[in-house]
Amino acid sequence: MANYGASSFVATGSDGGICSSHVKLAKLLAGILANNLGHRKESLEDICDLSTCFLRLNRYPACPISPEMFGLVPHTDSDFLTILCQDQVGGLQLMKDSKWVAVKPNPEALIVNIGDLFQAWSNDVYKSVEHKVMANEKMERYSIAYFMCPSYDSLIGSCSSSAAAAHLRNLLPSIESSLFENTGTKFNRMFRNLVTKLASKISSSISFLYLAFLLILKGSKPNSQ
């Protein structure tokens, strides 16, 4: 079933009271969640841009046709974080343990959704939750959602891969120096120790592909002994 008559108004940037408040809250929450994974609290601020984040006002008209009509079809949010303020009509449901669970409106609380990009960036530590909105038979529903999104030129990858890559970059000078200055038995012993050291710190096949590439290069060099 399609969305029943839902309409939206979108605003970007941080101007305006409610939008500015959502921006500050999103940065605070994203910083806490990133820091909880052992990364700088500004990690997501470096990726996201105010010009691509936006605030959206949603209106869901009453639907007397069917109590099973979607106000918004089942989906996950594609951003990093969504901060939602809903009215007292209700209708929001989320998937939990393979069942749809209604989210009871609370005037003193906001709803925070993890988005697909945060799930990818956290390497599945944080999960993007499927949710939907069911239309109300007699009353229209309003909600305000703020979406924390990356800039258009951002490259999103796993935060663990980023950390591994940074660690590997720090090791490269000593790796390259050792590979090209050592040969024979000494080289083999050094190489075994090096692989063991890398394996204990980096769980990435990229590291070993790079080492293989260096070995090929070394094979083309004449032995110094």
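Residues that are in contact with a Leu (Cβ under 7 Å, 6 or more places away or on another chain) and in a strand (DSSP E or B) were ranked within the range 89-112; the one that is nearest to Ser78 (Cα to Cα) is Val112.
Conditions tested, residue by residue: (1) surrounded by fewer than 14 Cβ atoms within 10 Å (Cβ to Cβ); (2) in the same structural domain as Lys24 (by TED's automatic domain parsing); (3) small (Gly, Ala, Ser); (4) in contact (Cβ under 8 Å) with a residue 24 or more places away in the chain.
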| residue | (1), (2), (3), (4) |
| --- | --- |
| Ile65 | yes, yes, no, yes |
| Phe70 | no, yes, no, yes |
| Val73 | yes, yes, no, yes |
| Cys85 | no, yes, no, yes |
| Met95 | no, yes, no, yes |
| Val101 | yes, yes, no, no |
| Tyr126 | no, yes, no, yes |
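The number of residues in the range 103-124 that are of a type in the set (S, T, N, Q), without any contact (Cβ under 8 Å) to a residue 24 or more places away in the chain and either farther than 26 Å from Pro67 by Cα or in contact with a helix residue (DSSP H, G or I) (Cβ under 9 Å, 6 or more places away or on another chain) (or both) comes to 1.
For the range 24-43, the count of residues that are at pLDDT below 90, acidic (Asp, Glu) and within 30 Å of Val125 (Cβ to Cβ) is at least one.
Yes/no per residue for (1) touching a Ser or Thr at 6+ places or on another chain (Cβ under 6 Å); (2) of a type outside the set (Ser, Thr, Tyr):
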{"residue": "Ala62", "(1), (2)": "no, yes"}
{"residue": "Ser98", "(1), (2)": "no, no"}
{"residue": "Ile111", "(1), (2)": "no, yes"}
{"residue": "Tyr142", "(1), (2)": "no, no"}
{"residue": "Ser151", "(1), (2)": "yes, no"}
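Out of the range 129-148, which residues are part of a loop (DSSP other than H, G, I, E, B) and out of contact with any Phe, Trp or Tyr (no Cβ under 7 Å at 6 or more places or on another chain)? Selection gives Val129, Glu130, Asn136, Glu137, Lys138, Met139.
The values are calculated or read from the model by the stated rules, or taken from the named source; none is laboratory data. In this text the structure is predicted, and so the values were computed from the model without any measurement. FYI the Cβ positions are ideal-geometry reconstructions off the backbone, even for glycines, and counts take in every protein chain you see.
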